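J.: My structure is below; once you've seen it, I'll send some questions.
Please treat every number below as a calculation from the coordinates, not as lab data. Note that the structure is a prediction, hence the values are computed from the model and not measured. All Cβ positions, even for glycine, are placed from backbone atoms using ideal geometry, and neighbour counts span all protein chains on display.
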Amino acid sequence: MRMKCCAVPIAIVILAISTVSCSRDPEAQKREYVVEGDREMEAKRYAEAIIHYRNAVRLDDKFGEARLKLAQAYGQIGDGRNALREAVRAADLLPDSVDAQLRAGSILLLDGQFADAKARALTALGKEPANANALILLGNATAGLRDLDGAIEHVEEAIDQSPQLTLAYTNLGALYSAKGDTAAAEATLRRAIAVAPQSVDAHLSLANFLWAMNRRGEVEAELRRALELDPKSTTAHRALAALYTVQGNAAAAEPHLKAYAETSGDVQSQLVLADYYVKEGRTADAVRTLDALAKQDGGDAVATVRLAGIDFAKGNGGEAHRRIDDLLKRRPQNEVGMRAKVRLLLAENRPREALAVTQTFVKTFPDSLPGQYAHATALEASGSLDDALAAYRELLVKSPTSVQVQQRLARLLLRQGNSKEALSFAQQVLKARPQSVDAHFVYAQALLRTGNIPAAERELRAVEKVAPNWAEVHNWLGLLHQAKRDHKASRESFERAATLDKTSIAALAGLVSTDIAEKNHAGAIARIQARLAADPENVQLISMSGNAYLAVRDLQNAEAAYLKVLQKEENNIEAYGRLAAIYLAQRRLDEAAKRFEELARREEKPVVPETMMGMIMMRLNKPDEARKHFERAVQLDPRAAVASNNLAWDYANGNGNLDVALRLAQAAKAELPDSADVTDTLGWVYYKKGMATLAVSTLREAVDKDPSSARIHYRLGLAYLQAGNKVEAKTALQRALTLNPSPADAEAVRNTLATITS
């Protein structure tokens with residue numbers, strides 16, 4: 001329907017035109033956005049303030065004032081990366097603004113960019129040579145550049161310029177402490193109190209120093225004095241609460257935590273109070289606090305995640321998921337909610353589902369380091385260890401000092417058998433966290449795996465002293481004693497671990513191996529059977545029983561165990577190999593082939609029988625027959641990794657298409673990422689296709705997984721040679737000769753070495 005026309009007074013029309021014109025003036029509009037942003041900042045609604053300031057910047061990309069305020073708003077929500085970017089941009093746009101230079105310099109300082117922070121301080125001093133805050137910034141930046149004496153000079157100059165500035169004394173005290181002159185540090189901080197006895201910051205700084213000196217009684221006195229001067233000091237309340245918590249006096253800590261939460265009113269303070277209630281077992285109080293926080297601006301996501309954590313701890317996983325799912329339904333791109341969902345799924349041992357969430361996470365937030373870390377942990381939990389390793393390495397490039405990532409890398413490399421590199425990362429972690437029991441434990445494991453038994457024992461004993469009831473420590477002590485061939489001590493350690501953790505597979509394996517080493521075969525079998533009686537479907541236990549039967553030459557029961565393993569895990573490459581070895585040892589290959597052929601006829605999807613017949617035909621030296629069985633297995637199930645691996649090897653050695661071989665090898669690698677044999681096959685296919693760089697990297701990985709294989713070292717040498725690296729080729733080939741290769745392999749290695757020498 002069209003609107004009716006009507007007469008409008010010309011004055012009103014002119015006024016309307018004027019008003020519209022004004023409201024659309026970009027200069028005026030950007031100023032309006034800043035005013036709105038300032039209003040939201042004053043109300044502590046920082047997310048809304050950011051929106052207004054960003055709108056202003058969108059209208060004028062070079063609006064330095066808005067960028068400076070935007071940096072401050074980002075700082076309030078803890079977004080350091082964006083705060084830094086906006087502060088630096090603002091300082092560049094406002095070269096004459098001392099405030100802009102100081103804000104940028106301060107954030108650069110926090111980010112560890114000391115040279116750039118120093119440059120900003122010097123720019124500010126060029127405008128105001130006596131600016132005390134600029135001198136302090138210059139001093140701190142100079143300290144970051146490892147010139148403590150120069151830093152002290154700059155901060156003392158700041159005190160000369162502004163003797164009442166408490167911040168200067170605090171910084172000077174910290175510099176003296178860093179230099180190791182604690183007497184001068186304390187004297188400086190007490191001098192601040194003498195100059196400004198009513199300064200809360202001065203008393204707090206002295207309290208902080210005294211805490212570092214472990215003079216807790218004096219700490220309490222200074223904090224109480226700070227509260228007398230300012231009963232609403234959130235810093236003093238939180239510090240006193242921390243002091244009483246450390247002293248084990250939770251009742252005394254509570255009023256200060258409540259005062260901190262009431263006075264501050266921010267999200268973090270409410271979380272600290274809720275966490276206190278959880279720790280004290282006062283779940284109802286924690287839930288009440290979190291329910292209130294969920295209604296607070298910016299508190300919805302973090303409160304929901306904490307409430308879900310409480311539900312999960314109470315055994316109510318369904319309610320925990322409901323809370324997180326509701327949060328993600330309201331806010332599908334919420335990082336906090338996504339991370340919580342991943343943690344829940346991993347805690348419930350649902351790694352594949354967790355991985356699906358993290359894939360969405362990293363796609364939605366490609367620059368999020370927490371998202372990438374969650375993705376790496378999900379990859380690790382789902383068994384994609386090579387992909388997890390690559391993800392952790394990529395994270396370390398982006399965050400080189402991340403102790404958390406370094407520790408994950410150390411553990412994962414140990415798990416993959418790369419003990420030397422694991423030791424390097426473990427040393428870095430220990431250097432960063434010398435008081436961490438977990439860091440010492442990982443370091444001890446790496447030491448033992450690299451053969452440094454005395455150092456490993458020293459570390460393990462230290463960990464045992466701190467955590468005497470940690471079963472895993474006793475398992476590793478058992479392994480240490482095994483390396484020393486001390487069966488009695490080994491048994492004692494494994495028995496202690498089994499007592500502390502009755503479900504420990506590692507402790508059971510240790511006791512079984514000790515029994516076998518002492519020729520107590522009946523005892524070894526009895527141990528496993530007792531555990532299998534309680535958990536008959538556990539594949540690890542079934543496989544362990546097969547290994548034990550094999551060790552005592554009970555081939556009939558070993559065969560039964562491995563067949564049961566394959567019923568449950570058709571890609572268990574170890575079980576296939578062990579079965580083939582058993583049939584060969586018993587001269588039953590033909591009989592076994594007929595048996596599996598019969599099984600293949602009876603089963604609807606006979607992947608295991610076809611694969612097993614392929615392996616038997618290989619042992620019977622019937623490669624054409626073997627190939628047919630492997631091909632049938634892969635046709636039945638493209639994820640039949642063992643058949644795919646063997647078929648890829650066969651094709652790569654002249655019996656098939658290399659492109660198909662590559663596809664098969666990659667499929668096998670996806671299913672069995674930790675297998676040295678599968679990794680070796682993939683590397684060999686790359687070599688055969690002339691893809692030297694990929695061949696080298698993949699075969700190096702295979703060597704890391706199985707460093708004792710002469711054949712893999714030989715193939716690595718060939719790959720290096722193909723890549724034109726004769727030095728590394730020679731090293732790999734010489735290493736192959738030290739590993740007792742077969743006569744035929746040794747001859748091939750020597751012939752290749754001869755071509756390099758000539």
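J.: Mind putting a number on the dipole of region 297-349 about its Cα centre? Charges go on the C-beta only, +1 for Lys and Arg and -1 for Asp and Glu, and I need it in Debye to the nearest 20.
T.: 60 debye
J.: Would you kindly derive the ³J(HN,Hα) couplings of region 56-65 from the backbone phi angles with the Karplus curve 6.51 cos²θ - 1.76 cosθ + 1.60 (θ = phi - 60°), listing them in order in whole Hz, with x for Gly and Pro?
T.: Rounded to whole hertz, the list is 5, 5, 5, 6, 9, 4, 9, 7, x, 4.
J.: Taking 0.36 nm per residue of sequence separation and subtracting the Cα-Cα distance, how much length would be gained by fully extending the chain between residue 622 and residue 76, in nm to one decimal?
T.: Difference between extended and current length: 189.3 nm.
J.: Quick one: 3J(HN,Hα) in Hz for region 158-163, Karplus 6.51/-1.76/1.60 with θ = phi - 60°, rounded, Gly and Pro as x.
T.: Karplus values, whole Hz, x for Gly and Pro: 4, 5, 4, 6, 9, x.
J.: Same structure again: Could you tell me which of the pairs 314/431; 488/564; 420/622; 502/568; 329/669; 44/431 are separated by over 30 angstrom between their Cα atoms in the structure shown?
T.: Pairs exceeding the cut-off: 314/431; 488/564; 420/622; 329/669; 44/431.
J.: Under 5 Å between amide H atoms, partner at least 5 residues away or on a different chain: which partners does residue 44 have, H built in plane at 1.01 Å?
T.: Those lying under 5 Å, H to H, from residue 44: there are none.
J.: Starting from the Cα of residue 62, draw a straight line to each of the lysines and keep only those under 17 Å, dropping any in the same chain fewer than 8 residues away.
T.: 30
J.: Under 13 Å Cα-Cα from residue 341, which aspartates and glutamates qualify once same-chain neighbours fewer than 8 residues away are excluded?
T.: Qualifying aspartates and glutamates at Cα under 13 Å: 319, 325, 326, 353.
J.: Among 90, 648, 373, which residue has its Cα furthest toward the positive end of the charge dipole of the chain, with +1 on Lys/Arg Cβ and -1 on Asp/Glu Cβ?
T.: 648
J.: Can you tell me the relative contact order of the chain? Whole percent, Cα pairs under 8 Å, sequence separation 6 or more.
T.: 3 percent
J.: Highest mean first, how do 734-745, 472-483 rank when packing is the count of other Cβ atoms within 10 Å averaged over residues?
T.: 472-483, 734-745
J.: Dipole magnitude of region 674-758 about its Cα centre, charges +1 at Lys/Arg Cβ and -1 at Asp/Glu Cβ only, in debye to the nearest 20?
T.: In debye, rounded to 20, region 674-758 gives about 320.
J.: Considering only the other residues whose Cβ falls under 13 Å of the Cβ of residue 659, what net charge follows from Lys and Arg at +1 and Asp and Glu at -1?
T.: +3
J.: Same structure again: Post the alpha-carbon centroid distance, region 667-709 to region 67-142, in whole angstrom.
T.: If we compute the Cα centre of each part, the gap is 50 Å.
J.: Which value in nm describes the separation of the simple spin-label points at residue 585 and residue 505, placed 7 Å from the Cα toward the beta carbon?
T.: In this crude label model, residue 585 to residue 505 measures out at 2.2 nm.
J.: Treating only the Cβ of Lys, Arg, Asp and Glu as charged (+1, +1, -1, -1), what charge dipole size does the chain show about its Cα centre? Round to the nearest 20 debye.
T.: 1460 debye
J.: If each DSSP helix of 4+ residues adds -39,500 (n - 2.57) and the sum is divided by the residues in the chain, what number results at 222 nm, nearest 500 deg cm²/dmol?
T.: Mean residue ellipticity, 222 nm, calculated: -25000 deg cm²/dmol.
J.: Please list 3J(HN,Hα) in residue order for region 289-302, calculated via the Karplus relation 6.51 cos²θ - 1.76 cosθ + 1.60 where θ = phi - 60°; whole Hz, with x for glycine and proline.
T.: Karplus values, whole Hz, x for Gly and Pro: 5, 6, 4, 5, 5, 4, 8, 8, 4, x, x, 4, 5, 5.
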